[in-house]
Number of protein chains: 2
Amino acid sequence: MSVKERKERERADRERLIVATARELAEQQGWDAVTTRRLAERIEYSQPVLYSHFRGKREIIGAVALEGAAEMAVALRAATSAADGPRARVAALARAYLDFAEHNPAVYDALFQLDGGLAYAREDTPEQLKDAFAALLECLAEVAGDGVHPGLFTEVFWAALHGLATLTRAGRLLPEDAESRVELLVDRLAVI
Amino acid sequence: MSVKERKERERADRERLIVATARELAEQQGWDAVTTRRLAERIEYSQPVLYSHFRGKREIIGAVALEGAAEMAVALRAATSAADGPRARVAALARAYLDFAEHNPAVYDALFQLDGGLAYAREDTPEQLKDAFAALLECLAEVAGDGVHPGLFTEVFWAALHGLATLTRAGRLLPEDAESRVELLVDRLAVI
DNA sequence: GATTCGATCCTAGCATCGCTAGACAATCGA
DNA sequence: TCGATTGTCTAGCGATGCTAGGATCGAATC
């Protein structure tokens, strides 16, 4: 039995290696550079091995997205728990979100820009994604304002952050005023 | 001389045909389906003809984006001019923006998601793009609030709309609550 | 210890992609 | 009428995601 277990363990290791390598390559040179050939070469296996773990490139992107969602949730909770008062918490949340997007562009793309074949806003949505949204919700619920559904408020706030993140990174917004935009957004949207 | 003029006219016609066909194909089957081969076949010319008009596929996307920006500006101004009062104008603007994104997804992608090789937020930004932003600015300046730079306010409002548009279309937000989100966004961000 | 057999992995290849070189034909000016 | 220029097409390059089929290796059996 232990032989089988060892093989399964090695297989799981290799799968983690694939995801980590794909992420690394994407962060270094962008997702366009993550080709199945290059990825296979980096993990020192042939191409078809990738397809014994994942259905295709899309599923690999999805795996990176799930990993990233878990990390984002951790980062958001760490930022909010370190701040005092609703206003400071929301501001910290917004900055943490935008920081994550800025410092992990490939992961952010896998999560929200590319097609990773994941289900969103549904019952069968992966736990990692639900939890990342929950991390936003926990903080934002207390500033949603009377009579406003916390989930709806979180969606709007999140959309605004997502817009800022993507437009900035795509060069549509200049990064200089990023902090001013966050201030304005928090001041207006959050009800203290 | 008239022969030369006729040829130039025909060439310009063909260029418009390329852009229109690319847009049509993208709206029908998505940008992935817009390959140089398929596009060439639809305009009934060979592939290399495309490259005598555009540097590559990227520039074709850019041309569709510029066309779309001009249309969006028209749509936004039409919506705002038909509304009475600041609150109604901003709400109409937001709805018009999201409607445009919903009904012209391929054009919206060309504008804000794909790489069309265009310069944004710079001096050499094409007029169409500047004008589309101006259409937003014209309406939003009157609700930016005291001491808030209208340009900055417009960027934040725009980012929120962009976030709603992309997240909804990518299935990250359910379309049912779209109207509620717009109401919330306008109520909070706009200072009446 | 030899042999069978199944799992595992790789070589080679398919269709398609964006893009381009070079051949060919049509048109123009002399 | 004849070279030159312009315009267009055929054919092909390197790269992509993905897969079929054969080779190889290790575990279990005799």
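The table that follows gives values for the structure above.
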{"read-out": "Only listed residue being more than 26 Å from B:Cys139 (Cα to Cα) and more than 21 Å from the chain's Cα centre (by Cα), chosen from B:Arg6, B:Arg58", "value": "B:Arg6"}
{"read-out": "So B:Ala88, is it assigned by TED's automatic domain parsing to the domain that holds B:Phe112, closer than 15 Å to B:Asp115 by Cα and either loosely packed, with under 14 Cβ neighbours inside 10 Å or within 15 Å of DNA strand C (Cβ to nearest atom) (or both)", "value": "no"}
{"read-out": "Test result for B:Gly30, more than 15 Å from DNA strand D (Cβ to nearest atom), within 14 Å of chain A (Cβ to nearest Cβ) and of a type outside the set (Lys, Arg)", "value": "yes"}
{"read-out": "For A:Lys57: the one exception among (1) within 14 Å of chain B (Cβ to nearest Cβ); (2) in contact with a Ser or Thr (Cβ under 8 Å, 6 or more places away or on another chain); (3) more than 11 Å from DNA strand D (Cβ to nearest atom)", "value": "(3)"}
{"read-out": "Qualifying position, being touching a helix residue (DSSP H, G or I) at 6+ places or on another chain (Cβ under 6 Å) and not acidic (Asp, Glu), among A:Ala40, A:Ala20", "value": "A:Ala40"}
{"read-out": "Residue list for segment B:115-150, restricted to those being among the small types (Gly, Ala, Ser), free of Cβ contacts under 8 Å to residues at least 40 places away in the same chain and at the interface with chain A (Cβ under 9 Å from one of its Cβ atoms)", "value": "B:Ala119, B:Ala121"}
{"read-out": "Some residue of segment A:19-34 being without any contact (Cβ under 8 Å) to a residue 24 or more places away in the chain and within 11 Å of DNA strand C (Cβ to nearest atom)", "value": "no"}
{"read-out": "Pairs, first among the aromatic types (Phe, Trp, Tyr) in segment B:39-50, second assigned to a helix (DSSP H, G or I) and more than 9 Å from DNA strand D (Cβ to nearest atom), C-beta under 9 Å, six or more apart", "value": "B:Tyr45/B:Ile18"}
{"read-out": "Residues of segment A:154-170 that turn out to be surrounded by 24 or more Cβ atoms within 10 Å (Cβ to Cβ), farther than 18 Å from A:Tyr108 by Cα and more than 7 Å from every other protein chain (Cβ to nearest Cβ), as a count", "value": "0"}
{"read-out": "Residue in segment B:115-138 that is over 13 Å from the mean Cα position of the chain (by Cα) and crowded, with 23+ Cβ neighbours inside 10 Å present", "value": "no"}
{"read-out": "Complete set of residues in segment B:171-192 that are more than 7 Å from every other protein chain (Cβ to nearest Cβ) and either surrounded by 15 or more Cβ atoms within 10 Å (Cβ to Cβ) or not β-branched (Val, Ile, Thr) (or both)", "value": "B:Pro175, B:Glu176, B:Ala178, B:Glu179, B:Val182, B:Glu183, B:Val186, B:Asp187, B:Ala190"}
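The values are calculated or read from the model by the stated rules, or taken from the named source; none is laboratory data. On a predicted model such as this, the values are computed, not experimentally measured, just so you know. Cβ sites come from the backbone with ideal geometry, for glycine too, and all protein chains shown count toward neighbours.
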